[in-house]
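We did not get these values from a lab; they are worked out from the coordinates using the rules stated. Computed from a predicted model, the values in this text were never measured in an experiment. Cβ placement follows ideal geometry from the backbone for every residue including glycine, while neighbour counts extend to all protein chains displayed.
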Amino acid sequence: MKTNTVLSLLILIAAFLLFTLLNQLMLGGIRLDLTENRLYTLSDGTREVIDEIDEPVNLYFFFSEKASEDLTSLRAYAKRVEEMLEEYRLAAGSKINLSIVDPEPFSEEEDQASGYGLQSVPVNQSGDELYFGLVGTNAIDGEEIITFFQPDKEEFLEYELTKLIHSLGTTRKPKVGVYAGLPIDQSMDPRSYQATPAWVFLSQLKDLFDVEVLNSVDAESIAAFDLLVLIHPQDFTDGQVFAIDQHVMQGRKLIAFVDPLAEMAQPPEQGANMPEASASDLNRLTTSWGVTLRPNEVLGDSEAALMVGSANGAPVRHLGILGFTSRHVSREDVVTASLESVNMATAGIFDVDEVDGISASPLIVSSTFSSPLPSLQFQFLTDPSDLQKGFTATGESYVTAVRLSGSASTAFPDGVEGYDGEIAVSTDDLQVVLIADTDLLSDRLWVQVQNFFGQQIASAFADNGSLVTNLVDNLTGSSALIDVRSRGQFSRPFVVVEELRRNAEEKYLKSAEDLQARLAETERQLSELQSSRVEEGLLTLTPEQEEALVRFQDEKLNIRKDLRDVRHQLDKDIEALGTMLKFLNILLMPLLLTGVLIAIRLLRLNRQEVA
């Protein structure tokens, strides 16, 4: 009996091994992704990049197995990276050669990892170092490196891998000229005399494109670029605007970031009484295309307003610092279709008119809970809560980013003074994108930069960088990475909760303003009453005044109590919604399911009895 049991067990083991071998040989290329977010399914953009590979690409994945023995979560992420790379190898066939390398201490593999410039991280007191990076090479000695895979950037894994392969497969990067009236590049801070790093969006563009930062805009300086990016074009001369016009009329592309109030403009020198003008526009050019930036007006939007600290430290919605979500960006345009959040500060408003031959497609629009606000109000703003006093939404949505395409004529048919060359009078390939904010490019609105063992690591919390890179990708004719870039999920907003909160805040603010006005008047009357009669340094009051004083003090206490009650009611509807959802999920739904199962059981019993 015992012999039969052992024999049966051996037969089962042999059958399992045989089944596993046959499965690997016959079904090894069949993949089924059952993860919730399809983590192992390559996007169409990635497959497009893989299909465009001409010469084989070699990938070397370095991970220290022994040094990571006690780092369970990191090992799990490393396993996912390895499996993802295997998906790339399977999709590419012979176009991608994948090697898994374990750089053990004092080995040739460790020297190889160090020679490639991979980042090593000490993991214990013994001095053991962990490598977790990727090196890619191609047939023409091209080399791309991910120095260390950051676990907190897991949602961007596919993008990072696809970008590396795309860079290896691209022999010529598109040339992009960037002019900025803001300190976007590495420079010296004139106030502290300390070096300031380049803005992250610019560093990202330089990784993907052949970017040159321009010191001036004229026909000669922009002639070599297929795409011109203008940031805060302030006080341009007719000659400069004409050069931009001709750039577009010659069939080349333009992205312009203009702003009614650029908060990241250089601050005024010490001793200045009035803030310097920080507005920019290209209205002399864009008006002929049907788009005009409203002067001295900032977009206020109570739905998209982000929470900031008020003067007293309490959180308050800032009507000028806006977080546009998928509800506000175009789902029809490839550049914005996959974006989830774009943050702006003191953004402007475009008036868009119809012009024959030109198609104007809004990319970002405000909610209907918005209204124009004077830019001067923001220049002297000390408490963001002041913006909400008297704010009334117009019920209209406003355009803050727009794409122009089609046929257009020059805005300078007679040229400009001093120019005697040939004039391009029209184009049938107008490709222009206008965005009414420059602050969205600054790091503070979309990315957090941290020092990781001497290396600067940027972790994005909004899609501002993806928006810019998508635009440049699209207008330089390379859109493959757009489908990959924004697959990560920053947030899943509760639309109903946000609407309840906004309505509650509106009610609270109206009641609070009335109560604050009553409180201020009561305190004023109290102050007048208490200072009405002073004799020999002592306060003396008549009986009538004493009675009025007590009445005013009671009224002051009652008003403050009403203010507290109004504040407590702010989240009442949200709490009620939460209670209802808890009731539905915890009690009602289980009871309903139990009732359905009991009913099915009883129905079956009845059928059995009848039978």
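Overview of results
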| item | result |
| --- | --- |
| Nitroxide proxy distance, nm - points 7 Å out along Cα→Cβ at residue 10 and residue 461 | 6.4 |
| Length released on extending from residue 588 to residue 44, taking residue separation times 0.36 nm less the Cα-Cα span | 191.6 nm |
| Under the Karplus curve 6.51 cos²θ - 1.76 cosθ + 1.60, θ = phi - 60°, whole-Hz ³J(HN,Hα) for segment 106-113, x wherever Gly or Pro sits | 6, 9, 5, 5, 5, 4, 5, 4 |
| Residue 337 paired with residue 554, simple spin-label distance in nm, labels 7 Å along Cα-to-beta-carbon | 6.9 |
| Segment 279-356: trypsin sites (Lys or Arg not before Pro) falling in loop per DSSP and having at most 15 other Cβ within 10 Å | 327, 331 |
| Segment 251-393: C-alpha gyration tensor shape, a/c 1.5 cut-off, then a/b vs b/c | oblate |
